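What follows is a short report on a single structure.
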Amino acid sequence: MSKNIEEITLNTWPAEQSVLLDGWVLRSASGYTKRANSVNPLYETAESGNNILAKVKLAEQYYEGAGLKPVFKITPYIHPADLDEILVERGYRQVEPSSVRVLDLEGLPVPDSRYVVQVQDELSERWLEIFAEFTELSAVNLNTLRRMLSASHLKQGYAFVLKDGMPTACGLGIIQHGYLGLYDIVTAPAHRRQGMAEQLLLGMFRWGRAQGAKTSFLQVVLANYGAAALYDKLGFEEIYQYWYRVKG
C-alpha cells in the first residue's frame, strides 16, 4: 500500500511538467513547493555505478535549466537504494523530514454543529484569496497554485470553516482510487488553537466519504508538532517517512 500512496501523492498534488528519466520522475512547477519541484526516483533503473552519477547530473541540468535548485525526494522506495548516500557525497543537504500518515474514514465523529464546514467542488478565486491571506502567499506563487490545481482532472474539494459567516480555516482534498489526500490545511492566525483545523478535517472526511473515499492520507513535516498532535488525536497512523535532498 505504501508505494501506491507515494504514486497517488504525485497525482493528487500536480506539477506543471513531469519528465521521465529512466525510472525517475522529474517534476517542476515554477518552484512552488518541493513536492511539485523534485526528482522522484520511484522505479527500477538499468543504470548502475558511475552511470547513476551521470543520471544525477542530467537531472541537475533539467532543474538548473528551469532556474530551480535540484531537489530529490527520498522515500523508502528509491532506486537505486543507495541514492541518498550518493547525493550526500555530492553535497546535498537534508531538509524537511516528513511523515506520511493514513486514516480509515469509517466511524469518525461529525463536525461540531456550532461551526459551518463548506466544501466546494470547483476551484474559486475566493478559496485562493483566503488561502493566500492565511499563508501570506506571494502573488507569483498564487498564480502557480492556480495553474496547478486548474489543470487537475481528479475530484477536488475546496473546504472552509465558517464562524459567524467568516472563514477561519481552509483546506483542499483530492480523491483518487478511494484515497482522500489532504493538502493546504491552514487556520487564520487569529483563530489558531481553537479547534478550527479539527472541525475542517472532520467536515472534509464526511465530504470524502460521500464521494466514495475509504481512506485519507496526508504528509506532515516532522517539525510541525502542532499539526502532528492533531493528526495523532484524529487517529492517523504513520506508514513511512521521507525527506528531501537539496543541492548546495
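The values are calculated or read from the model by the stated rules, or taken from the named source; none is laboratory data. Just so you know, these numbers come straight off a predicted model, no measurement behind them. We place every Cβ from the backbone using ideal geometry, glycine too, and count neighbours over all the protein chains shown.
Scanning segment 28-54 for residues that are polar (S, T, N, Q) and assigned to a helix (DSSP H, G or I), which turns out modelled with the highest pLDDT?
If we take residues in segment 28-54 being polar (S, T, N, Q) and assigned to a helix (DSSP H, G or I), then N51 is modelled with the highest pLDDT.
Of everything in segment 8-23 that's more than 10 Å from A66 (Cβ to Cβ) and free of Cβ contacts under 8 Å to residues at least 40 places away in the same chain, which residue is surrounded by the fewest Cβ atoms within 10 Å (Cβ to Cβ)?
Top of the filtered list is L20.
How many residues are surrounded by fewer than 16 Cβ atoms within 10 Å (Cβ to Cβ) and in contact (Cβ under 8 Å) with a residue 12 or more places away in the chain if we restrict to segment 119-132?
Looking only at that region, the number is 4.
Among the residues of segment 62-91, write down those that are more than 21 Å from the chain's Cα centre (by Cα) and either aliphatic (A, V, I, L, M) or within 19 Å of A36 (Cβ to Cβ) (or both).
Correct list: Y62, E64, G65, A66, G67, A81, L83, I86, L87, V88.
Tell me, which residue of segment 57-88 that is in a helix (DSSP H, G or I) and β-branched (V, I, T) is nearest to S99 (Cα to Cα)?
V88
Just to check your reading of the model, which residue among E125, E136, E89, E106 is under 30 Å from K233 (Cβ atoms), of a type in the set (D, E) and at pLDDT 95 or above?
That would be E136, the only listed residue that is under 30 Å from K233 (Cβ atoms), of a type in the set (D, E) and at pLDDT 95 or above.
Could you tell me which numbered condition G203 fails, if it satisfies all but one of (1) surrounded by 21 or more Cβ atoms within 10 Å (Cβ to Cβ); (2) under 15 Å from V102 (Cβ atoms); (3) over 17 Å from the mean Cα position of the chain (by Cα)?
Exception for G203: condition (2).
For a quick check of your reading of the model, give me the residue pairs whose first member lies in segment 145-158 and is closer than 16 Å to N37 by Cα, whose second is modelled with pLDDT under 95 and of a type in the set (G, A, S), with beta-carbon atoms closer than 7 Å and at least 6 apart or on different chains.
Final answer for the pair search is none.
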